[in-house]
Amino acid sequence: MSDDERARLSKIASIVRFKKGEEIYRDGDEADAAFNIISGVVATHRKEGDGDNVASFLYPGDLFGLSEEGCYVNTARAATPVVAYKMPLLAVRRMLDSNADLDVDVIIKLCEELREAQRHAMLLAQKKAITRLVMFLDLQEHLKTSRGESAPELYLPMDRSNIAAYLGLTPAALSRAFRTMITDGIIAFRDRRHLRILDRDAFNRLADNLSENG
């Protein structure tokens with residue numbers, strides 16, 4: 001979203017803050033607002049059986065608040081402390097009626113949630129824990145590049161428990177996958193949040209091997 005588009009939306013928005021772990025809205029609640037992240041990471045959750053799985057991670061600049069028949073289609077929680085614009089949907093609709101160019105961009109941005117759901121389904125189709133983890137890290141690297149960041153490290157702001165839930169793994173299985181990649185010299189952690197890809201060829205081989213069963 002461009003600075004001009006963000007400025008126009010900010011005129012109808014209020015700034016809201018959420019603590020880490022705080023619920024922003026719940027699946028099935030009346031959808032009365034959309035949100036644009038200023039800082040922090042939001043995790044969307046959906047119920048599957050008795051579980052509560054992480055469906056997507058959303059980052060600064062992302063719009064979220066996908067609804068169907070007037071209700072939110074998932075639950076959103078702050079994976080880290082979050083600051084966001086909260087935009088009443090009635091005001092958004094009025095602005096879209098008078099700004100056709102903004103209309104297209106907002107719809108495209110909101111559709112990121114749908115694209116993320118498709119990526120997530122593809123990730124969960126992989127049987128090996130390490131393949132799921134590599135796909136997740138590869139996505140984080142692409143997101144970093146799209147933001148114009150050139151730092152050699154990847155920053156993972158979300159908790160390991162959230163990452164495990166997103167990947168459909170137990171925390172123990174996620175830890176084993178990380179340890180395997182560290183032992184094989186593919187990645188190295190500077191601290192719990194920052195990692196560097198050491199063996200790019202080995203990482204790319206794993207990222208490309210999406211159809212391997214295991």
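Considering only Cα-Cα distances, which of the following residue pairs are longer than 29 Å: Lys86/Lys127; Lys47/Lys128; Lys19/Lys144; Lys19/Lys128; Lys86/Lys128; Lys20/Lys127?
Beyond 29 Å: Lys86/Lys127; Lys19/Lys128; Lys86/Lys128; Lys20/Lys127.
Using only the alpha-carbon atoms of the range 129-195, report the extent along each of the three principal axes, biggest first, to the nearest angstrom.
Largest first, the range 129-195 extends 33, 24, 20 Å along its Cα principal axes.
Since every read-out is calculated from the coordinates, none of them should be taken as a lab result. Not measured: the values here are computed from a predicted model.
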